[in-house]
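Below: the structure, in structure tokens.
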Amino acid sequence: MTKLRVGIIGCGGIANGKHLPALAKVNEVEIVAFCDIVLERAEQAKEKYGSSESKVYENYADLLKDGSIEAVHVCTPNDSHAEIAIAAMEADKHVLCEKPMAKTAADARRMLEVAKRTGKKLSIAYQNRFRSDSRYLKDAANAGELGEVYFAKAHAIRRRAVPTWGVFLDEEKQGGGPLIDIGTHALDLALWMMDNYKPKAVLGRAYHKLSQRENAANAWGPWDPKQFTVEDSAFAMITMENGASLVLESSWALNTLEVDEAKVTLCGTEAGADMKGGLRINGESNSRLYTKEIELNSGGVAFYEGESDDPAVLEQRNWVEHVLNDKELVVKPEQALVVSEILEAVYESSRTGKAVYFE
């Protein structure tokens, strides 16, 4: 069996919470190198997911010198995504990068340009596309069941769930807060479902309303207001070239009881759909309105029938098969670039108070 030799750059929460346990379930993978600026984290990851021959690095540049490594996973803060991904592709390695694609749209464009120039494969880790409800709804949209989707909502709302670890609250490292962290997943899903990657204009606003409260209620304990330099919520209206409209909502802290994360609402000419309390399709038939609740607990996912339906595992399988066998990639870098461009436009619109228009 041909195995893909993989190196992990960044052995923190996202690597240990998603990439490494998922890769461990893919037989066609051998994790041969671990890198982290905190060497102890890399050593711990090697002990759990590597072999006695696996190597440990403190500097990613040293890992990239290993010509036997075929692909790397970039699991670092947003501000280093582009730097590391570009260096890896220049070093003849394929790259799966955590979301968002990069801290800035300019960096994301550079990543895509290097991928095209070097011929290396590149994808961004938007694992929510691999959920069973996402795949079902995407298939329904592709089959024309919704008709023309001309209005959608991208939901990424938490009532009080501010991540207080790592660099999540550091604008310099991350580029933003809930919008770029969880809003990016919801936006990616909405654009993918609509199959529409041609934005025309963005009007948005990022808020710092609850971030400076002392001893605030929070799922992971009170945050430090002095470290909270990113927005606590952000919202936007996006119009597309074809006239479609998309509302994007995101928050880590908001006074609301309507909590939804990485979900979408779609409204089309033939039917609508939402992911609230399960997947529901609504429409009109024989002059009557109907609502269908889709049962997703039986059977596997269409393109991996009978195997794990864990989105993280399916994401890794698709990536590995893309690299090894040129299987069609589910998350294309060109799509991820548009997500980054829209996110950046929301922040720019918030700063200027004006709409941002795309050429």
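The values are calculated or read from the model by the stated rules, or taken from the named source; none is laboratory data. A quick note: this is a predicted structure, and the numbers were derived from the prediction, not measured. Methodologically, a virtual Cβ is constructed for each residue, glycine included, from the backbone with ideal geometry; neighbour enumeration extends over all protein chains shown. Heavy atoms of the whole protein, side chains included, go into the accessibility calculation; ligands, DNA and RNA do not. Shrake-Rupley method; radii C 1.70, N 1.55, O 1.52, S 1.80 Å.
Things to note:
- Pick from segment 335-359, criterion open to solvent by less than 20 Å² (accessible area, probe 1.4 Å) and small (Gly, Ala, Ser), ranking: farthest from GLN316 (Cα to Cα): SER349
- Counting only residues that are in contact with a helix residue (DSSP H, G or I) (Cβ under 8 Å, 6 or more places away or on another chain) and not in a strand (DSSP E or B), segment 156-176 holds 11 of them.
- Residues that are open to solvent by less than 60 Å² (accessible area, probe 1.4 Å), assigned to a loop (DSSP other than H, G, I, E, B), over 28 Å from THR291 (Cα atoms) and not aromatic (Phe, Trp, Tyr) within segment 236-279 comprise just one, LEU254.
- Selection count, segment 129-148, where residues are of a type in the set (S, T, N, Q) and buried (at least 21 other Cβ atoms within 10 Å of the Cβ): 1
Rundown of residues vs (1) within 30 Å of LEU179 (Cα to Cα); (2) open to solvent by less than 40 Å² (accessible area, probe 1.4 Å), yes/no style:
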position: VAL38; (1), (2): yes, no
position: LYS48; (1), (2): no, no
position: SER52; (1), (2): no, no
position: ASP62; (1), (2): no, no
position: ALA91; (1), (2): no, yes
position: LEU96; (1), (2): yes, yes
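- First in segment 51-79 and assigned to a helix (DSSP H, G or I), second anywhere and of a type in the set (Lys, Arg), Cβ under 6 Å, 6 or more apart: ASN78/LYS103; ASP79/LYS103; ASP79/LYS173
- In segment 98-108, the residues that are in a helix (DSSP H, G or I) and open to solvent by 20 Å² or more (accessible area, probe 1.4 Å): ALA106, ASP107
- Residue match in segment 216-235 (condition: open to solvent by 10 Å² or more (accessible area, probe 1.4 Å), under 29 Å from PRO311 (Cα atoms), touching an Asp or Glu at 6+ places or on another chain (Cβ under 9 Å) and at pLDDT 95 or above): yes
- Among residues of segment 302-334 being surrounded by 15 or more Cβ atoms within 10 Å (Cβ to Cβ) and part of a loop (DSSP other than H, G, I, E, B), the one that is modelled with the lowest pLDDT is SER308.
- Being part of a loop (DSSP other than H, G, I, E, B) and closer than 21 Å to SER245 by Cβ holds for only one residue in TYR197, TYR150, and it is TYR197.
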